[in-house]
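Q: Take a look at this one; I'll ask things after.
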Amino acid sequence: MIGHLNGTLLAKQATSVILDVGGVGYEVTIPVTTFYGMEEEGSQVRLRIYTHVREESLQLFGFRTARERELFMLLISVSGIGPKSGIAMLSGMSADEIITAIRTNNLARLTSIPGVGKKTAERLCIELRDKMAALSSPALEEELAAAAASGAPPSEDALRDDTLSALSNLGYQRAAAERAIMQAINEGGDLSVEILLRRSLRHLSKG
């Protein structure tokens, strides 16, 4: 698999570039954020590559940093997010914005991206929230800490309602979801929508 390319930039568009590497021209799909920082044609360019293999084709996706590539790979690990959707997310938001939206359960921000519906946004938050910290930056951590310190914690009723909404959108019946949420709350400890969702899904999986 191709994981890195270093070559001469032959052509660039908002969503793709062509790199000449040893006389071979590689067409690479890129997010718009990568395009904005791209050098002029004729320059030497290094890109981190994700190779997407399908039965009928092989497609290359390129990123300026290993962090962006890792974030992209996490995004496409979630059901409902394919490579095109992952590129769309990185085109519509910076890496820090995506990380913040997922860590703060900002569904409105995530669903503002074309192709990302509410259920997909909820899966992103549930499945990736704990993994986002590893991709964070010191500056982003300071912003998140300041935001957390300035706001009062949500009430238990608000947490219950948000969790019930998320479970309903994931296809669970209201009565079963409410029972699972009550069991999750009764476990005690610090509560958040993410914690309640994780606990509730565990109870629901047990039937």
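Q: Scan G86, G82, G22, G92 and give me the residue that is outside the structural domain of M132 (by TED's automatic domain parsing) and of a type outside the set (V, I, T).
A: When all the criteria are applied, what remains is G22.
Q: Right, something else. In region 181-195, which residues are part of a helix (DSSP H, G or I) and of a type in the set (S, T, N, Q)?
A: Kept after step one, since they are part of a helix (DSSP H, G or I), are these residues of region 181-195: 181-186, 193-195.
Correct list: Q183, N186.
Q: Of the conditions (1) at pLDDT below 80; (2) surrounded by 12 or more Cβ atoms within 10 Å (Cβ to Cβ), S155 satisfies every one except a single condition; which number is it?
A: (2)
Q: Looking at R54 and the list (1) more than 24 Å from T8 (Cα to Cα); (2) in contact with an Asp or Glu (Cβ under 7 Å, 6 or more places away or on another chain), which single condition is not satisfied?
A: All conditions are met except number (2).
Q: Would you be able to tell me the number of residues in region 70-124 that are in contact with a Cys (Cβ under 6 Å, 6 or more places away or on another chain) and among the aliphatic types (A, V, I, L, M)?
A: So the answer is 1.
Q: Out of region 72-96, which residues are farther than 15 Å from T34 by Cα and buried (at least 16 other Cβ atoms within 10 Å of the Cβ)?
A: Within region 72-96, L74, L75, I76, V78, I81, P83, S85 qualify.
Q: I'm told S77 meets every condition in (1) part of a loop (DSSP other than H, G, I, E, B); (2) modelled with pLDDT of 95 or more except one. Can you identify the failing condition by its number?
A: (2)
Q: Of everything in region 45-57 that's aliphatic (A, V, I, L, M) and at pLDDT 90 or above, which residue is farthest from A134 (Cα to Cα)? First the steps, then the outcome.
A: Restricting attention to region 45-57, the residues satisfying the condition of being aliphatic (A, V, I, L, M) are 45, 47, 49, 53.
Then drop every residue that is not at pLDDT 90 or above, which leaves 45, 47, 49.
Details: V45: 27, L47: 21, I49: 20 Å.
Applying the filter and picking the extreme gives V45.
The values are calculated or read from the model by the stated rules, or taken from the named source; none is laboratory data. Small disclaimer: the values here were computed from a predicted structure and weren't measured. As a convention, Cβ positions derive from the backbone with ideal geometry for all residues, glycine included, and neighbour counts pool all protein chains shown.
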